[in-house]
Amino acid sequence: MRRLFTAGAVLLAMAGLAPAATAAPDIKAALQRIPGLTIVSEDPAPAGFRFFKLTLTQPADHRHPGAGTFQQRFTLLHRDFAAPTVAYTSGYNVSGAPNRSEPTQIVDGNQLSMEYRYFTPSRPEPENWAQQLTIWQAAADEHRAVRAFKAIYPGKWLATGGSKGGMTATYFRRFFPEDVDATIPYVAPNDVIDPVDVYNRFLSRVGDDPACRAALKAIQRDALKRRDELGAIAAVDAANRGLTFSIVGSADKSLEISVIDSYFAFWQYQKQADCATVPAPGAPAADVYAWYEKVESLNTYSDQDLAPYIPYYYQAAVQLGSPEAYDGYLRDLLRYPGADQPKTFVPDSIRLPRFDYPAMPDIDFWVKSRGSRLLFVYGSNDPWGAEPFELGFGTRDSYRYYVQGGNHGSKIAQLSPAEAAAATATVRRWAGLPGAASTARSAPAGFPDFDADLTLSVRPPL
């Protein structure tokens, strides 16, 4: 089951950098006045910024505030009280290092980053997945946080996120449309009617090189024919890493699903030019295994690798929806047909309620009929963009852009020069800033050189 790519990143260590000079009025004193907010630490940040790790007391159930609370993790990158502020979420865990999303760079603003509920340690106790882990509850978390921080940041606010974070930013805006001035979702899928998919049609045509698609399918078939040989290598790797496979049921099942997913994963993370690296059928098993390690590890669905992302799979199984498996050309080699779906990756101890079919059509209808100041960015080769958000009859001052040949890491800076300039000017206008003549932006000294937090050492689901 393909997992969405979050906007969490491989962040470089910031040790040795001195904190920025104290602003006046003091940001730390201002934070201490926010009810329910705890300053966990102030960590080193690049010059001109201060960086705080925070927790905010949130209701476990916003519909029943008396039913307990939990501590939700946030970080704050502070530049200036008068600057625009960007509310950012990856849809997963929050990064513990200072970083700036692309919109934060464009507006040179502050950034409040939120951990999505149920991602450890931002999880209520006792757990009630069906009541507490919904798109509305997560939107209500962001609503309370933004309202609290507006006490110290009265300027313009933007919301953003990549992939599942882009979905989260869109849902937040649907339920609380007045909280922020605009929303910039990146590579956010919109699975409106879960049983009706166009993902497989997209995958059958993706890119402009039929030979690339054929090579990917050929190595999948080769891997399944040699599953015992590759499985032996995977078993050694699993033993060395202490991996187990109780959630999916077996290492062989994990291997099969990983092979199925590898075609999707290639287009999600790689470029078409990387097809040159695809091994030919019959290549040495070690070479084939090494290629899969770069594209989709054959041990991807171990208990240890699944554990951090179970909240995503749960939501995909009950609200978000997911693509059907692209495996018709592999059916004669499958031992576990039909297993590549979200519920396979949720432990039996967590009960799955009936699928919430109205949830995504409601979001889709709001975007088309009432959405405003939305800017969606997609990659033309990214499978997750097969079912994108669409602007409709009632959408106002909103835009959708595609990076040609782009994958799941697509961003504004990768658009054509004219489109990048237009999108950048739009974001700045929404933030109350003058338009920018150039989209070229270099990070201040001390920041990792990246834009939208779109690279991960251990790939998350979406």
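The values are calculated or read from the model by the stated rules, or taken from the named source; none is laboratory data. Quantities reported herein were computed from a predicted structural model and do not represent experimental measurements. Here Cβ is always computed from backbone atoms with ideal geometry, including for glycine, and neighbour counts include all displayed protein chains. Surface accessibility is based on the protein's heavy atoms, side chains included, excluding ligands, DNA and RNA. Shrake-Rupley method; radii C 1.70, N 1.55, O 1.52, S 1.80 Å.
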Within region 111-155: Cβ-based charge dipole about Cα centre, in debye rounded to nearest 20 (Lys, Arg +1; Asp, Glu -1): 200
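Determine the share of region 217-265's accessible area contributed by carbon and sulfur atoms, expressed in whole percent, with a 1.4 angstrom probe.
Whole-percent figure for carbon plus sulfur exposure: 55.
Hey, how much of the P(r) for region 140-270 falls beyond 26 Å, as a percent of Cα pairs? Intermediate values should be presented prior to the final figure.
On the way: 4351 of 8515 pairs.
Counting every Cα pair in region 140-270, those more than 26 Å apart make up 51 percent.
With only alpha-carbon pairs counted, each pair once and no self-pairs, how large is the Kirkwood hydrodynamic radius of region 291-426 in angstroms? Don't skip to the answer; put the middle values down first.
Values: mean 1/r = 0.0557 Å⁻¹.
This gives a value of 17.9 Å.
Explain nothing, just the number: relative contact order of the chain, from Cα pairs under 8 Å at least 6 residues apart, as a whole percent. Walk me through the numbers before you get to the answer.
Working: 946 pairs, mean separation 91.9, N = 462.
Contact order relative to length: 20 percent.
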Degrees between helix 417-430 axis and first principal axis of the chain (Cα, 0 to 90, nearest 10): 40
Listed peptides 308-315, 122-129, 227-234 by packing density, highest first (mean Cβ within 10 Å): 308-315, 227-234, 122-129
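Give a quick list of trypsin sites (Lys or Arg not before Pro) in region 319-385 that DSSP marks as loop, anything other than H, G, I, E or B, with at most 16 other Cβ atoms within 10 Å. Numbers along the way, then the final one.
Numbers: sites: R331, R335, K343, R351, R354, K368, R370, R373; in loops: R335, R351, R354, R373.
Passing both the DSSP loop test and the Cβ count: R335, R351, R354.
Solvent-accessible area per residue for the chain at a 1.4 Å probe radius, Å²? Let's see the in-between values first.
Values: 17680 Å² over 462 residues.
Accessible area per residue: 38 Å².
How much of the DSSP beta bridge set in the chain is antiparallel, as a percent to the nearest 5?
50
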Length-normalised contact order of region 63-141 in % [C-alpha pairs under 8 Å, at least 6 apart]: 37
Square roots of 5 times each gyration tensor eigenvalue, C-alpha, region 74-129, largest first, Å: 26, 10, 9
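Would you calculate a helix-derived [θ] at 222 nm for the chain, using -39,500 (n - 2.57) for each DSSP H run of n ≥ 4 and dividing by the full residue count, to the nearest 500?
-9500 deg cm²/dmol
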Long-range amide H partners of F245 with built H, under 5 Å: D303
Label corresponding to Cα extents along the principal axes in Å when calculated from the structure given, among (i) 71, 55, 37; (ii) 65, 47, 44; (iii) 66, 52, 51: (iii)
Crossing angle, helix 210-225 versus the chain [Cα axis fit, 0-90 degrees, rounded to tens]: 60
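At a 10 angstrom cut-off on C-beta neighbours, averaged per residue, how do the peptides 294-300, 193-199 rank from highest to lowest? Could you put the intermediate results ahead of the total?
Numbers: 294-300: 21.6, 193-199: 14.1.
Descending mean neighbour count gives 294-300, 193-199.
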Among F175, A83, Y329 the positive-end extreme of the charge dipole of the chain (Cβ point charges): A83
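Could you tell me what percent of the accessible area of region 336-411 is made up of carbon and sulfur, with a 1.4 Å probe and every protein chain present?
On the way: 1690 of 3460 Å².
The computed percentage sits at 49.
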